[in-house]
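Okay, so here's the structure we're looking at.
The values are calculated or read from the model by the stated rules, or taken from the named source; none is laboratory data. Just so we're clear, the structure is a prediction, and the values are computed from it rather than from any experiment. FYI the Cβ positions are ideal-geometry reconstructions off the backbone, even for glycines, and counts take in every protein chain you see.
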Amino acid sequence: MAQVTGHGGGVWSLKVPIPDNPLGHTLVHLLDTDAGPVLIDTGWDDPTSWDTLSDGLRALGTSVHDIHGVVITHHHPDHHGLSGRVREASGAWIAMHAADTEVVRRTRASRPGVWLGYLTAKLTAAGAPEEHLAPLRAARASGRTRTLPGLRAALPDREIVPGDLLPLAGRRLRAIWTPGHTPGHVCLHLEETHPARLPGNGRLFSGDHLLPGITPHIGLYEDPDDTTVTDPSPSSRLRSSRGDPIGDYLDSLERVARLAPAEVLPAHQHAFTDAPARVRELLDHHEERLTGLRALLATPLTAWQLAERMEWNRPWDEISYGSRNIAVSEAEAHLRRLVKLGHAEAVPGDGPLTYVAV
Ligand SMILES: [Zn+2]
Ligand SMILES: [Zn+2]
């Protein structure tokens, strides 16, 4: 059964399940406009998720065939997965920030094996042990290509321009660029008075940027075409500095706090109030974490060694293969931040890159 919640003022949320995922579900939002219903995110591309979305829309007196447009907070498959099917059924447009559209375009175009090669090179440079690298090399040698959920993702046909109002008849929905979790993540600010007159400025659809009880994953922005990663020379790797996702994320948090929305409607968990307080908690958490990591770097460490020593939601021994890759990416993003702040530096040399506190 579809779980539908009315938030007042022509806004509803639908709980769309994510199969085999501890997050449980994506909250897909429906926004009524004078031109027809608009979805904010769509959910994972899976038959059960599709049925749940369709049933939920029917329970609200509309249908997937009636959707006028789809606004996507970011390219991840639990948000953008069903966009293609919605567009096929309804002829709706799909809007996304250009930086995430670029990720979708690259993923769709990536040749078999390129992603595996990139991941192997990246993990080697990060100091991953041989037993972690061997399965990747074997998969590449066998010609088996990993099936990535993003390979069939729909190419958006409209661009979300930061700071602009989206062209939605009868509504005021403004795009707020909040890079960090992905390079093109956006929050959507509904600049209309809160229907229950809660104090603050309207409502914010926050995607994965601001969630009430969990912190989103922040890793390096992946780019299989980045030759500085696959070029094994140490000087090339030292030059590589593709952005600072943690720095972007912290700036984006402050941007959202300044909006002071009356209520936040995130894409997971549940709606909540007092965004500035939640932002403060997250900023404190990240500051503490960076301080802790800097202390660990009293001894030079590779990104892999740092990931092993960082605090996760379970001991390192119990972290699955795929989650270790994500953990290392998060360690690398923190190293990048510490380097940008002048709190750590890369140690020149051969082999895996090590970092030390300064
Ligand atoms: Zn996400
Ligand atoms: Zn998500």
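Looking at 179, 195, which is the one that is modelled with pLDDT of 95 or more and either within 16 Å of ligand 2 (Cβ to nearest atom) or of a type in the set (Ser, Thr, Tyr) (or both)?
179
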Q) Is it the case that some residue within region 204-213 is touching an Asp or Glu at 6+ places or on another chain (Cβ under 8 Å) and at pLDDT below 95? A) no
Q. Which of the following residues is of a type in the set (Gly, Ala, Ser), at pLDDT below 95 and more than 25 Å from residue 22 (Cβ to Cβ): 322, 342, 349, 247?
A. 349
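Go over the candidates 318, 311, 345 one by one and state the one that is more than 25 Å from residue 135 (Cβ to Cβ) and exposed (fewer than 11 other Cβ atoms within 10 Å of the Cβ).
The unique qualifying residue is 311.
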(Q) Checking the condition within 16 Å of ligand 1 (Cβ to nearest atom), touching a residue at least 12 places away in the same chain (Cβ under 8 Å) and among the aliphatic types (A, V, I, L, M), which residue from 86, 71 passes? (A) 71
Q: Could you look through region 70-94, keep only residues that are closer than 16 Å to residue 205 by Cβ and polar (S, T, N, Q), and pick out the one that is surrounded by the fewest Cβ atoms within 10 Å (Cβ to Cβ)?
A: 83
**Q.** Residue list for region 252-270, filter: buried (at least 17 other Cβ atoms within 10 Å of the Cβ) and within 16 Å of ligand 2 (Cβ to nearest atom)
**A.** 252, 264, 265, 266, 267, 268
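Could you please find all residues in region 178-198 being within 16 Å of ligand 1 (Cβ to nearest atom) and in a strand (DSSP E or B)?
Those that are within 16 Å of ligand 1 (Cβ to nearest atom) and in a strand (DSSP E or B): 186, 187, 188.
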Q) If we keep just the residues of region 78-119 that are within 16 Å of ligand 2 (Cβ to nearest atom), in a helix (DSSP H, G or I) and modelled with pLDDT of 95 or more, which is farthest from residue 178 (Cα to Cα)? A) 83
**Q.** Filtered residues of region 31-51 (kept if away from ligand 2 (no atom under 16 Å from the Cβ) and crowded, with 22+ Cβ neighbours inside 10 Å)
**A.** 31, 37, 38
Q.
Anything in region 95-120 that is crowded, with 17+ Cβ neighbours inside 10 Å and of a type outside the set (Val, Ile, Thr)? List them, or say none.
A. 95, 96, 97, 99, 100, 110, 115, 116, 118, 119
Q | Answer from 123, 136 - the residue that is of a type outside the set (Asp, Glu), more than 16 Å from ligand 1 (Cβ to nearest atom), free of Cβ contacts under 8 Å to residues at least 24 places away in the same chain and assigned to a helix (DSSP H, G or I) | A | 136
Q | Leading residue by the ranking (farthest from residue 24 (Cα to Cα)) among those in region 199-223 that are part of a strand (DSSP E or B) and either more than 13 Å from ligand 2 (Cβ to nearest atom) or under 13 Å from the mean Cα position of the chain (by Cα) (or both) | A | 203
